[in-house]
Amino acid sequence: MKVLVLNSGSSSIKFRLFDLDRDQVLANGHYEKIGENDSTLHYNDRSQVNNVSNHQGALEFIVEKLTSSEDGVIQSPDELTAIGHRVVHGGESFKHSVLIDSEVLKAIEEMIPLAPLHNPANLQGIQMSLKVFPQAQQVAVFDTAFHQSMPESSYRYAVPSDLYAEYSVRKYGFHGSSHKYVAQRAAKYLNRKLDELNLITIHLGNGCSITAIKNGRSYDTSMGLTPLEGLMMGTRCGDIDPAIPQYLHQRADLSYGEIDRLLNKSSGLKGISGNNDVRQVIEAAESGAAPAKLALEMYIHRLKKYIGGYMAILDRVDAIIFTAGVGENSSFIREKALNEMSHLGVQVDLEKNEEKSREERSIHSPDSQTDILVIPTNEELLIARETKETIQKSH
Ligand code: ADP
């Protein structure tokens, strides 16, 4: 089965076309600056400016490329019969991926207050895709779905219960497709059944989150009602005293909108060191920049606290897994996050940790009681597989 995976942002569409039967990626790319003067399609290794006024125009041009005689990969748009959409927020309505129908569209729309930046763009992408691919079965795969297995004691905040009942204030968690994908891969790697495994999966990209997985299911995760909670990230603050926004509102005369932007866009590594790119922060720290050193110390300190916390709430940890840009590539962050944890049975093999590879690999020493794995994430592949499964189940 061929599956086209779409991830629609407010002015961008990322896409990847899979041939799942042959285990192949047929095409890969993204459209950016949709609706601006220099909209650009990056298709496989090439870029081309082609102005389009909206997502429909962008999708139509992507199809033109996919079917072109020059660098196309399919004969006709009719081959695109399965489309998987990444949707950020599925609230409590979606515990699994679903075939898209009018009810699902309505529910995604109702979730907009929970994800005002993402769900409108995801919804727009789906609506345009329904127009451009009327022959296809289309599936929504939610970032939040994997975490719907959390027990109430994990997902509730200690605020008056009315706020949960009336305003859906609770922890939802994000990066679900990534945590689920690396958990599934870890089970394969360890040759174990996923539902017998307890794992700690650590997704460190620009956004960062960590999940405690019990018997293969999400048991707790660091992101919350929104992706702002939890670990320190590239530009997001992660956990702070919840009284800080009110304090800043009064003392610094900032509006809540301004505070929200500050905490989402100008905080984290960027807020402390001026730079949100981990590679550059490490370089700056190595050349002696004190703010960069502090930023890394804070990033690692917080990461260690979460790892330790999740070890405590799981009765046993079979593996700790690193993934995403930083987790897959930075031996420095991995080493610092797990060093001095031998009292918890966790020991990194420093040589294995330094090896550069794009493969799934283990980096623990023989004495470690917990396996430590590096597993490249592939959210698009997970979305493609879930799309196929959802369509097959519906028959
Ligand atoms: P996104 O969350 O946007 O998908 P990625 O998963 O691509 O982000 O991760 C981006 C982050 O990965 C950046 O902070 C970048 O510095 C970091 N990164 C990529 N390669 C390395 C590396 N070799 N060492 C340290 N950090 C790296």
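What is the dipole size for the stretch 137-209, taken about its Cα centre, with +1 at each Lys and Arg Cβ and -1 at each Asp and Glu Cβ, in debye to the nearest 20? Provide the component values of the computation, followed by the final result.
On the way: 8 positive and 6 negative charges, 78 e Å.
Charge dipole of the stretch 137-209: 380 debye, to the nearest 20.
Mind checking the alpha-carbon convex hull of the chain and giving the volume per residue in Å³? Write out the running numbers ahead of the final one.
Working: hull volume 65.6 nm³, N = 395.
Here the figure is 166 Å³ per residue.
How much length is gained if the chain between GLU60 and GLN184 is pulled fully straight, taking 0.36 nm per residue apart and subtracting their Cα-Cα distance, in nm to one decimal? Show your work: numbers first, answer last.
On the way: separation 124, 0.36 × 124 = 44.64 nm, distance 3.43 nm.
41.2 nm is the gain from fully extending GLU60 to GLN184.
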Between LYS304 and ARG22, what is the label-point separation in nm under the 7 Å Cα-to-beta-carbon projection?
5.0 nm
For the chain: relative contact order, % (alpha-carbon pairs under 8 angstrom, 6 or more apart):
14 percent
Treating cross-link reach as a plain straight distance, find the lysines whose alpha-carbon is under 28 Å from the alpha-carbon of LYS65, omitting any fewer than eight places away in the same chain.
LYS2, LYS14, LYS33, LYS131, LYS388
Computed [θ] at 222 nm, helices only, for the chain once each DSSP H run of length n ≥ 4 contributes -39500 (n - 2.57)
-11500 deg cm²/dmol
Leaving ligands, DNA and RNA out of it, report the carbon-plus-sulfur percent of the accessible area of the stretch 239-395 at a 1.4 Å probe.
49 percent
Restricting to bridges with both residues inside the chain, how much of the DSSP beta-bridge set is antiparallel, in percent to the nearest 5?
65 percent
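Classify the stretch 2-142 from the C-alpha gyration tensor, please: rounded if a/c falls under 1.5, else prolate or oblate depending on whether a/b exceeds b/c.
Cα axes put the stretch 2-142 in the oblate bin.
Per residue, how much accessible area does the chain have with a 1.4 Å probe, in Å²? Provide the component values of the computation, followed by the final result.
Values: 18740 Å² over 395 residues.
Averaged over the residues of the chain, the accessible area is 47 Å².
Of all the accessible heavy-atom surface of the stretch 2-142, with the other protein chains kept in place and a 1.4 Å probe, what percent is carbon and sulfur? All intermediate terms of the calculation are to be shown ahead of the outcome.
Numbers: 2950 of 6620 Å².
Of the solvent-accessible surface of the stretch 2-142, carbon and sulfur hold 45 percent.
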DSSP beta bridges in the stretch 191-379: the antiparallel percent, rounded to 5, is 60 percent
Simple spin-label estimate for ILE244/ALA290, 7 Å along Cα→Cβ, in nm, reads 2.1 nm
May I ask you to evaluate 6.51 cos²θ - 1.76 cosθ + 1.60, the Karplus curve with θ = phi - 60°, for each residue of the stretch 106-111 and list the ³J(HN,Hα) values in order in whole Hz, giving x for glycine and proline?
5, 5, 5, 5, 5, 7
Need the list of lysines near LYS305 for cross-linking: C-alpha distance under 23 angstrom, and skip anything on the same chain fewer than eight residues off.
LYS171, LYS180, LYS214, LYS270, LYS293, LYS336
In whole Hz, the Karplus estimates of ³J(HN,Hα) for the stretch 199-204 (6.51, -1.76, 1.60; θ = phi - 60°; x where Gly or Pro) are 9, 10, 9, 10, 9, 10
In degrees between 0 and 90, to the nearest 10, how far off the longest principal axis of the chain does helix 256-265 point, with axes built from Cα atoms?
80 degrees
Rank these by accessible area, largest first, 1.4 Å probe: HIS249, HIS179.
HIS249, HIS179
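What is the antiparallel percent of DSSP beta bridges lying wholly in the stretch 2-142, to the nearest 5? It would help to have the intermediate numbers written out before the result.
Values: 24 of 33 bridges.
The antiparallel fraction comes to roughly 75 percent.
Given the Cα-Cα distance of GLU355 and LYS193 and 0.36 nm per residue of separation, how much length would full extension add, in nm? Before the final figure, lay out each step's value.
On the way: separation 162, 0.36 × 162 = 58.32 nm, distance 2.78 nm.
Length gained between GLU355 and LYS193: 55.5 nm.
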For the stretch 92-137, what does the alpha-carbon gyration tensor say about shape, rounded, prolate or oblate, given a ≥ b ≥ c as the root eigenvalues, a/c under 1.5 as rounded, and a/b over b/c as prolate?
oblate
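The values are calculated or read from the model by the stated rules, or taken from the named source; none is laboratory data. Please read these numbers as outputs of a predicted model, since none were measured by experiment. Here the Cβ is made from the backbone with ideal geometry for all residues, glycine too, and neighbour counts use every protein chain on show. All accessible areas refer to the heavy atoms of the entire protein, side chains included, with ligands and DNA or RNA removed. Shrake-Rupley method; radii C 1.70, N 1.55, O 1.52, S 1.80 Å.
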